[in-house]
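Just below is one structure, and these are the notes that go with it.
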Amino acid sequence: MIEMLEKGPRLAKAQNAEVGASKFCPGCGHGMILKTLAQTIDELELNDKAVFGCDIGCSLLSWNYMNVDTVQTHHGRTTPVIYGVTRANPDLVGIAYMGDGGGLAIGSQHLVNAAVRSENLLIIVANNTNYGMTGGQMSPTTMPGQKTETTPYGRDCDVTGRPAKGAEMVASIADPEKSFVARASVSNLRKLKATFKKALKNVDMGGFSFVEVLSVCPLNWRTNNVQTWDRLKTMEEFFEVKDFVQREGLE
Amino acid sequence: MARTRIVLAGEGGQGVQSIAKILVEAGYEAGKEILYIPNFGVEQRGGVSIAFCQIADEKIGEPRFSKGDIVIMLSDRAIDRCCTYVNENSTVIYDSSVCSKKPECKAKNIISVEANKIANEQLSARVFNIIVLGVLLSATNVLKLSDIKNAMEMALGKKFDAKPELRDLNYKALEMGMGLIEKAGV
Amino acid sequence: MVKKLITQDTRMFLTGNEVIAYAANAAEAEFMYGYPITPQNEIMHTWCKLLPKTEAGFLQTEDEISAGFSTIGGILAGKRAFTATAGPGNVIMQDAQSMAEMMRIPFVCAVMQRGGPSTATVIYAQQETRLTCFGGNGEGFRIVYSTAGHQDLYDYMIKAFNTAWKYRFPTFMLADGYQGKMREPVTLYDPASRGIKMVPVEATLGGANGSRPVNHVRNTFNLEEELMEVLDKYQEEFDRISPEIEEYLEYKADDAEVLIIAHGIVARSAMTAVDELRAKGIKAGLFRPITLRPLAVKPLRAAVARAKQVLFTESANGQLAQMVLEKIYGLQTPYSTLFKMGVGVTGDDIVQKVESMVKEPATV
């Protein structure tokens, strides 16, 4: 224990040591996703090439989380800012980080068109099935029957439609020769890192990558550890965790 | 300050903007000050097409003017749209072989030509607008025939080279158009 | 590095939209992001047609929201990038423009005004004056040049890049559909031949390779006071640099009894009117603000104070007049108005109005 404290926590180089403890709520999935992303950037030695953009919503709290050049944008607009960057400087590896609201609601036209045009960036959608920062409203991915502030009696799919499946949608329009499209989960960070690795390699090769990460929001879900884990497992049954599109030659 | 304000109006597809472009290009090459606004409503296809052209010796101020010195109307709808650009100093020219009515507006003079009929009967329907260009050249009397011919070569030279008989046809149309105004004695 | 097309003075007969594309190239702009909307399309068309010669870049985005934000991305990556829009496109681009305002991004945009509100006409108006100066959820930390013809379009498009990169406030060239679509002669030149040096660009995102600390740029603040501290600084800086930026043009305004205040293309009609009125013995003159943000307040107040009457005329319902009236508060000169919403103002319109003002002076 003493030895560990002396060594300090092992932070990835791509993670900003000055920020200290995570600014996210206890039990939040964002810290896990970002830490895994930072480790992946280190392992692929993309530290000098990576440019990180974050959205509005809880993802904006990551504006100084990474130790790479970062821009915090407007709600839904991280995708166009980052493909604007990589169009101007194709040597960079652009990462656009957002939640399910930013990716699949207010920014969905950018996601669709970036996928169709095979824009050179990695879009990460952290899917925690609600709008966290604004207090837990229904989002495009809110599960059937899930209680949120705007569906206090549970999501009624007859009224609100069915949950959006981001990875499936992107997979159906992405160019299989230039794209990597996957869904991962914070329940298995080793697997998440393997997914990020393929996604970032593909971007470094000039391609388009999309990774939806199933995440957790215990605060707004009002769940304890066990319930949170169970909810995540239920999500994994509804949202299939797998690689949907993988260009040839990508490992 | 010598300034000629021209309104040229017809149906989309009659080639109104094409001849306006030749006219202003000729003016520019002749060293005149030029200002040309193609009217471009939402009705970009199939609506009334209007060209506002100014040719002057000195720098032009207003881009859009209230009344034209020459107002050419090539369809009934063009008549309806363009009487607003006419006053007692305007010369109105309309094509009576296209229009079913006469412009009812107070003008210096109102001249009818039959460019469409002549094109169809004596030349080719395709050079209708070039006859009108000839009419315009005579009516404005600020540019020389050689200026217009040079501008036509710039716009249509490739087509002319591929089919030399087109050049003769277009020049003939231009001269016949000029003759229509000379006959009217403006 | 892009290849410049204009290396010596060249007289050309162009549409305004073509002029803007040439000007951007002359200013060494490297990238355009855009979305189709009339009447600015030919800026993109010309830019794209010239790409093999200029070796610049272009991206057609999915809407004006993304055109604005990807322009910001390009600028942050260190390119002299720009965009152009109009009407409803200008409305939805406010999202990106307000971010540029907050983050002091040297955003350059040509606005070719069309009729409003809503879809209205694709032709012409001066109804985006207020939007371009004060759009977004902010305070209007923007620099806006209002042009009156093709030479202006060329001169001020070049200037817009330098103003934006020097002062780091979003900079707009406010023109209109007439200027975009009309053709008139213009002299294109290499800015260097006029002693104009392009302000160097630099990257905020990427390309550092450890040569500087990592940049974290944001537009969100936690506390009210934190925000106000930043904005107070912006205001102080905006006020301080304003005298360097302000531009205006007076035409026979020295002894004018009726002073016409107009901007953009309407000011050109006013010049025609001033000449006609003077020929009739009426002492008319023109004050034309060239920068609408910031306004050249001192000379404006002096000109208004000298005149017996003022006439505001616009192709809008007094959007400039509102901005001017606030700045001439306290002066007693009465004024009258000639506003044609979304319609061109001709010299004749102004002549008639001024004649009626001479017969029956304004009392407001």
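Summary table
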| item | result |
| --- | --- |
| Single match in C:255, C:232 (criterion: assigned to a loop (DSSP other than H, G, I, E, B), more than 30 Å from residue C:127 (Cβ to Cβ) and away from chain A (no Cβ under 14 Å)) | C:255 |
| Pairs where the first residue, in region B:73-84, is free of Cβ contacts under 8 Å to residues at least 40 places away in the same chain and the second is aromatic (Phe, Trp, Tyr), C-beta under 8 Å, 6+ apart | B:79/B:94 |
| Whichever residue in region C:201-216 is within 13 Å of residue C:78 (Cβ to Cβ), hydrophobic (A, V, I, L, M, F, W, C) and at the interface with chain A (Cβ under 10 Å from one of its Cβ atoms) and, among such residues, is surrounded by the fewest Cβ atoms within 10 Å (Cβ to Cβ) | C:208 |
| Hits in region C:92-108 (condition: in contact with a helix residue (DSSP H, G or I) (Cβ under 7 Å, 6 or more places away or on another chain) and of a type in the set (A, V, I, L, M, F, W, C)) | C:92, C:93, C:96, C:99, C:100, C:105, C:107, C:108 |
| Counted residues, region A:11-40 - those being in a loop (DSSP other than H, G, I, E, B) and among the basic types (Lys, Arg) | 2 |
| Candidate set: region A:220-233, residues that are surrounded by fewer than 17 Cβ atoms within 10 Å (Cβ to Cβ) and of a type outside the set (Val, Ile, Thr); chosen: the one nearest to residue A:165 (Cα to Cα) | A:233 |
| Residue count, region B:52-94 (criterion: hydroxyl-bearing (Ser, Thr, Tyr) and within 10 Å of chain C (Cβ to nearest Cβ)) | 1 |
| Subset tally (residues that are farther than 16 Å from residue A:34 by Cβ and either assigned to a strand (DSSP E or B) or facing chain C (nearest Cβ under 8 Å) (or both)) for region A:52-75 | 3 |
| Members of region A:171-196 that are of a type outside the set (Val, Ile, Thr), touching a helix residue (DSSP H, G or I) at 6+ places or on another chain (Cβ under 8 Å) and closer than 19 Å to residue A:128 by Cα | A:182, A:183, A:184, A:185, A:187, A:189, A:192, A:193, A:196 |
| Odd one out for residue C:187, checked against (1) part of a strand (DSSP E or B); (2) buried (at least 24 other Cβ atoms within 10 Å of the Cβ); (3) within 14 Å of chain B (Cβ to nearest Cβ) | (2) |
| Whichever residue in region B:30-51 is more than 8 Å from chain C (Cβ to nearest Cβ) and not in a loop (DSSP other than H, G, I, E, B) and, among such residues, is modelled with the lowest pLDDT | B:48 |
| Qualifying residue in region A:23-39 (condition: within 11 Å of another protein chain (Cβ to nearest Cβ) and free of Cβ contacts under 8 Å to residues at least 24 places away in the same chain) | no |
| Count of region A:76-105 residues which are part of a loop (DSSP other than H, G, I, E, B) and either more than 10 Å from chain C (Cβ to nearest Cβ) or not small (Gly, Ala, Ser) (or both) | 6 |
| Selected residue (criterion: surrounded by the fewest Cβ atoms within 10 Å (Cβ to Cβ)) from residues of region B:85-126 that are among the polar types (S, T, N, Q) and part of a loop (DSSP other than H, G, I, E, B) | B:100 |
| Top-ranked residue in region C:301-354 [being among the acidic types (Asp, Glu) and surrounded by fewer than 20 Cβ atoms within 10 Å (Cβ to Cβ); ranked as nearest to the chain's Cα centre (by Cα)] | C:326 |
| Helices (runs of 4 or more DSSP H) wholly inside region C:1-108 that include at least 2 residues being in contact with a strand residue (DSSP E or B) (Cβ under 8 Å, 6 or more places away or on another chain) and under 24 Å from residue C:181 (Cα atoms) | C:16-26, C:41-54, C:64-76, C:87-92 |
| Hits in region B:128-186 - residues which are of a type outside the set (Gly, Ala, Ser), in contact with a strand residue (DSSP E or B) (Cβ under 6 Å, 6 or more places away or on another chain) and within 23 Å of residue B:116 (Cβ to Cβ) | B:135, B:140, B:180 |
| Complete set of residues in region C:258-289 that are in a loop (DSSP other than H, G, I, E, B) and surrounded by 23 or more Cβ atoms within 10 Å (Cβ to Cβ) | C:262, C:263, C:264 |
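Yes or no, residue by residue, for (1) free of Cβ contacts under 8 Å to residues at least 40 places away in the same chain; (2) touching a helix residue (DSSP H, G or I) at 6+ places or on another chain (Cβ under 8 Å); (3) not small (Gly, Ala, Ser):
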{"position": "B:91", "(1), (2), (3)": "no, yes, yes"}
{"position": "B:97", "(1), (2), (3)": "yes, yes, no"}
{"position": "B:101", "(1), (2), (3)": "yes, yes, yes"}
{"position": "B:104", "(1), (2), (3)": "yes, yes, yes"}
{"position": "B:107", "(1), (2), (3)": "yes, no, no"}
{"position": "B:111", "(1), (2), (3)": "no, yes, yes"}
{"position": "B:121", "(1), (2), (3)": "yes, no, yes"}
{"position": "B:124", "(1), (2), (3)": "no, yes, no"}
{"position": "B:132", "(1), (2), (3)": "no, yes, yes"}
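The values are calculated or read from the model by the stated rules, or taken from the named source; none is laboratory data. Source: prediction; values computed, not measured. Every residue, glycine as well, gets a Cβ built from its backbone with ideal geometry; the counts of neighbours run over all protein chains shown.
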